[in-house]
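Inspection log for the structure reproduced underneath, given as structure tokens.
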Amino acid sequence: MRVKYIDYIKCIAILCVIVVHLCGRYRYEAIPEVQYTAAYALAWVVRIGVPLFFMCTGALFLHIKGMDIKKLFTKNIPKLFVCLLLYSFIYSAFMKREQLIDGQMGALSFLKETIKGILNIDVAPSLWYLYAIICVYLMLPIFRVIVDNASRRIIEYYLIMCFVAAVMLMLLNMPQVAILAGWTNDMKYIWLFCGYSIYIVGGAYIAKYDIPKKVRYVIYALALVSLAFVGLSKDQFFENPAVGEYNINDYLSPFTMVYAIAVFILIKQCCSMKEKEGKLYPVVRYISQNTLGIYLIHSILVDVLGIILPLNGNVFVVIPVHFIIVLIATILIVFILKKIPFVGKWIV
């Protein structure tokens, strides 16, 4: 069963992920300040791709679809493990290509380094999502019990607690607004209230219940306010925060949370007001059905494209051109891989 607004959200989410990775390449490039700022601002606007994926997971598995526990543990989760192993070796080989070609690294050394990287979650930055989604899938049966049996008010209470915890963590750790810094030692356990569960349960909640108009408008307003704080995290985004430093760009930042939730609600509302699918929907549906494969492949294509077509040039031209090339190439590769009998459905 296809759900139109979920297809649109997943499609938008994967497009956001591609764009944010293209923008991220400009962290260390010497480009004019205007272009530098534009790349950062765009990266912030599309930062919500992964949170939207988590919300779609919650909506589909906890409300829209009946959860098949057997399928979850015999197909969904095993496929993620297969993809994690396969793409870890692919990305590792790409990043160590010069050492492998020159004979500086033998097959055994490559195998050891890659396995070590897999265990340390250190093969490629984009693969972190597989670790996160595997953990989410393992917790879905518990979340399903909560969503099915808790009252609407209890679910709202849980979501509010998660959001309050995110705000408290920001006030404790972010230098610009660390007005509660003195509480840090005593409040460290507030992490127990926070996590990606706000997106999982939140997606299910929005799918299950209609959000009152006044509440929607408040959330939209908060999302606009969150975008106004774009300047606070500019240095963090392009210079990489120090280990342990609070990052306002993080997916568990309250600004990211309210922005992602607002977009999810907005797309659902827009789709509910328009019954017809539209001419672009078949394309949207195909992309939505293949977001995992696109996610796994796009990052290496972004790197390859950066080598073949360097970043010298105006970002207002380079980013759109690279985005179109990466998207089309990734979709074609996914299409071809899915045609491989038996293997295709396990690797994309």
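The values are calculated or read from the model by the stated rules, or taken from the named source; none is laboratory data. Quantities reported herein were computed from a predicted structural model and do not represent experimental measurements. All Cβ positions, glycine included, derive from the backbone under ideal geometry; neighbour counts span all protein chains shown. Accessible surface is based on the protein model in full, side chains and every heavy atom, while ligands, DNA and RNA are left aside. Shrake-Rupley method; radii C 1.70, N 1.55, O 1.52, S 1.80 Å.
Where in the chain are the DSSP H helices whose alpha-carbon span along the long axis reaches 20 Å or more and whose Kyte-Doolittle mean is at least 0.5?
Result, helices passing both filters: 4-24, 77-95, 128-149, 152-173, 213-228, 254-273, 291-308, 315-338.
Please find, in a Gaussian network model of the chain (springs between Cα atoms separated by less than 10 Å), the residue of Val145, Val136, Val167 whose mean-square fluctuation is greatest.
Val145
Near Lys65, which lysines are there with a Cα under 17 Å away, not counting those fewer than 8 places off in the same chain?
Answer for Lys65, where 17 Å is the Cα cut-off: Lys4, Lys10, Lys75, Lys208, Lys268, listed by chain and number.
Taking 0.36 nm per residue of sequence separation and subtracting the Cα-Cα distance, how much length would be gained by fully extending the chain between Val343 and Val218, in nm to one decimal?
On the way: separation 125, 0.36 × 125 = 45.00 nm, distance 4.71 nm.
Once the chain is fully extended between Val343 and Val218, it gains 40.3 nm.
Tell me which label goes with the value of Rg and Dmax of the Cα atoms in Å computed from the coordinates here: [x] 20.5, 68; [y] 20.8, 64; [z] 23.2, 77.
This structure yields the entry labelled [y].
How much net charge surrounds Ile307 when only other residues with a Cβ under 12 Å from its Cβ are counted (Lys, Arg +1; Asp, Glu -1)? Intermediate results must be reported in sequence, preceding the final value.
Working: positive: Arg25, Arg97; negative: Glu98, Asp303.
It works out to a net charge of 0.
Which of the listed residues, Phe110, Gly58, Val136, is farthest toward the dipole's positive end in the range 39-146, when Lys, Arg count +1 and Asp, Glu count -1 at the beta-carbon?
Positive-end residue among those listed: Gly58.
The range 66-85 to the range 282-301: how many Å between their Cα centroids?
18 Å
For the range 23-134, report the accessible area per residue in Å² (1.4 Å probe, heavy atoms, rounded to an integer). Could you put the intermediate results ahead of the total?
Working: 5570 Å² over 112 residues.
On a per-residue basis, the range 23-134 sits at 50 Å².
Classify the range 248-348 from the C-alpha gyration tensor, please: rounded if a/c falls under 1.5, else prolate or oblate depending on whether a/b exceeds b/c. Before the final figure, lay out the partial values.
Numbers: a/c = 1.65, a/b = 1.14, b/c = 1.45.
Oblate shape, in that a/c is at least 1.5 and b/c is the bigger or equal ratio.
Between Ser288, Ser272, Ser299, where does the largest GNM mean-square fluctuation fall for the chain, given springs only between Cα atoms within less than 10 Å?
Ser272
Could you rank Asp250, Asp7 by how accessible they are, 1.4 Å probe, largest area first?
Values: Asp250 65, Asp7 0 Å².
From most exposed to least exposed: Asp250, Asp7.
Would you mind checking the radius of gyration and Dmax of the range 1-135 based on alpha-carbon positions, in Å?
Calculated on Cα positions, Rg and Dmax stand at 18.6, 54 Å.
As a check on your grasp of the helix formula, calculate [θ] at 222 nm for the chain: sum -39500 (n - 2.57) over DSSP H runs of n ≥ 4, divide by the residue count, round to the nearest 500.
Working: 16 runs with 235 residues, N = 348.
Here the helix-only value at 222 nm equals -22000 deg cm²/dmol.
Among residues other than Leu337 whose Cβ falls under 14 Å from its Cβ, what is the net charge (Lys/Arg +1, Asp/Glu -1)? Each step should come with its number before you reach the end.
Numbers: positive: Lys79, Lys338, Lys339, Lys345; negative: none.
Spelling it out: positives minus negatives among the neighbours equals +4.
Taking all protein chains in place and a 1.4 Å probe, what share, in percent, of the accessible surface of the chain do carbon and sulfur account for? Don't skip to the answer; put the middle values down first.
Details: 12100 of 17950 Å².
Carbon-and-sulfur percentage of accessible area, whole number: 67.
For the full complex of protein chains and a 1.4 angstrom probe, list Glu29, Glu98, Glu156 by accessible area with the highest value first. Can you show the working numbers first?
On the way: Glu29 80, Glu98 130, Glu156 40 Å².
I get Glu98, Glu29, Glu156, largest accessible area first.
Quick check for me: using +1 on Lys/Arg Cβ and -1 on Asp/Glu Cβ, what's the dipole size of the chain about its Cα centre, in debye to the nearest 20? Kindly include the intermediate steps, with their values, before the conclusion.
Working: 32 positive and 19 negative charges, 316 e Å.
My answer is approximately 1520 debye.
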